[in-house]
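Read through the structure below, which is laid out as structure tokens, and then see the notes.
The values are calculated or read from the model by the stated rules, or taken from the named source; none is laboratory data. Every value quoted in this text rests on a predicted model; they were computed, and no experiment measured them. Because the Cβ atoms are built from the backbone with ideal geometry, glycine has one as well, and the counts that use them run over all protein chains shown. Ligands, DNA and RNA are stripped out before the accessible areas are found, and what is left, the full protein with its side chains, is counted by its heavy atoms. Shrake-Rupley method; radii C 1.70, N 1.55, O 1.52, S 1.80 Å.
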Amino acid sequence: MTSATATERSGRASPTPRPQARRPGTDHGAWFLVLPALIPILVLSVGPLLYGIALSLTDAQSGRTRATRWTGTLNFQDLLHDTLFWESFRIGLVWAVGVTLPQVVLALGLALLLNQNLRLRWLARALAIVPWAMPEVVVGIMWRLVYHPDAGVLNETIRDLGLGDGRDWLTGLGTALPAVIVVGIWSGMPQTAVALLAGLQNTPQELHEAAALDGAGAWRRFRTVTWPALRPVALAVTALQFIWNVNSFALVYVLTSGGPGGRTRLPMLFAYEEAFRYGQFGYAAAMGCVMVAVISVMLSLYLVARLRGGAPR
């Protein structure tokens, strides 16, 4: 009895050892995978941001012999009473809205067109992204030639059609900002169109075919099938384009340098002039901090709205 029991016990499989829970912080291999992406962010984004915040709390100015003093929130207090800065902020909002909304609407139409089964569609798609591939400086120089008062294509066309003698579009007080907005729409529309085209191609074709069999026309199919599937992409692209346009600098600087009379002076242009034309580094850094705060609030509102709306079905 005893030997049988011993034999039975010896024939049983030994219990599998329970795996020990891995202590947090023991796996250092993941950090080596994250570091190549984390180091550029810290060096090129977080570091300059912290330095800019510290600089905004001083009276830093150009000149090596001048001592920099800690002034606290004095620069931000001066900004509250700076009417020129708030005027540039208003112009920046007009620019951002005036560029973003037509840009998204026109890009949606272009994406719908490029999504059709057309001949030489590949060539049309390649040509559509040409403005996106061009640097902003090149785009600005090219459109300055288009708007040239004497030899520009636009004024020559107006004269040939007998509509007048044309005008100097980039130096007129009433035409400079609309002319710059047109260039912003033209240069940024391909990027938006590519993103919307990717969203259109992810829409199941079976839904369109089922709606067509039910007798739905083109507008109804767009309203009931295409737009609900495309709406998350469209909202995300609109928010990102708006933030990008608020931060615009190079295109407007090449076209007008903020003129005439400050009519196209965007906030980033204002901060640039304060820092590198007048040498007020601390005051310009405070302007940059205000812009970062405004953009962060806009982005937070967008993320909160997306989270409350829930994931799209």
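Name the residue, out of Ser62, Ser56, that is at pLDDT below 85 and either open to solvent by 50 Å² or more (accessible area, probe 1.4 Å) or not basic (Lys, Arg) (or both). The unique qualifying residue is Ser62. Evaluating Ile158 against the criteria (1) in a helix (DSSP H, G or I); (2) exposed (fewer than 14 other Cβ atoms within 10 Å of the Cβ); (3) more than 29 Å from the chain's Cα centre (by Cα) leaves one unmet condition, (2). Is it true that Ala211 is buried (at least 17 other Cβ atoms within 10 Å of the Cβ) and not acidic (Asp, Glu)? Yes; evaluated as a whole, the condition is true for this residue. The residues in segment 125-141 that are open to solvent by 40 Å² or more (accessible area, probe 1.4 Å) and under 29 Å from Gln205 (Cβ atoms) can be counted, and the count is 6.
In the set Trp132, Trp122, which member is in contact (Cβ under 8 Å) with a residue 24 or more places away in the chain, farther than 24 Å from Gly262 by Cβ, in a helix (DSSP H, G or I) and not hydroxyl-bearing (Ser, Thr, Tyr)? Exactly one residue qualifies, and that residue is Trp132.
Just so you know, in segment 73-116 the residues that are open to solvent by 50 Å² or more (accessible area, probe 1.4 Å) and outside any helix (DSSP H, G or I) include one that is farthest from Gly258 (Cα to Cα), and it is Gln116. Right, Pro260: over 20 Å from Ala284 (Cα atoms), of a type outside the set (Val, Ile, Thr) and either in contact with a Pro (Cβ under 9 Å, 6 or more places away or on another chain) or open to solvent by 70 Å² or more (accessible area, probe 1.4 Å) (or both) or not? Spelling it out, it is not the case that Pro260 is over 20 Å from Ala284 (Cα atoms), of a type outside the set (Val, Ile, Thr) and either in contact with a Pro (Cβ under 9 Å, 6 or more places away or on another chain) or open to solvent by 70 Å² or more (accessible area, probe 1.4 Å) (or both).
Between Leu145, Leu163, the distinction of being in a loop (DSSP other than H, G, I, E, B), open to solvent by 70 Å² or more (accessible area, probe 1.4 Å) and without any contact (Cβ under 8 Å) to a residue 60 or more places away in the chain belongs to Leu163 only.
Of a type in the set (Ser, Thr, Tyr) and either open to solvent by 90 Å² or more (accessible area, probe 1.4 Å) or more than 27 Å from the chain's Cα centre (by Cα) (or both), is that true of Thr68? Considered against the rule, which asks whether it is of a type in the set (Ser, Thr, Tyr) and either open to solvent by 90 Å² or more (accessible area, probe 1.4 Å) or more than 27 Å from the chain's Cα centre (by Cα) (or both), Thr68 comes out as yes. Does Ser56 satisfy being touching a Cys at 6+ places or on another chain (Cβ under 6 Å) and touching a residue at least 12 places away in the same chain (Cβ under 8 Å)? Here the answer is yes, as Ser56 does meet what is asked.
Any idea which of (1) within 28 Å of the chain's Cα centre (by Cα); (2) at pLDDT below 90 is the one Val183 doesn't satisfy? Val183 satisfies every listed condition except (2). Among the conditions (1) on the phi > 0 side of the Ramachandran plot; (2) part of a helix (DSSP H, G or I), the only one that Gly258 does not satisfy is (2). Candidates Phe276, Phe270, Phe249: the one that is of a type outside the set (D, E, K, R), in contact with a Phe, Trp or Tyr (Cβ under 9 Å, 6 or more places away or on another chain), surrounded by fewer than 17 Cβ atoms within 10 Å (Cβ to Cβ) and modelled with pLDDT of 85 or more is Phe249.
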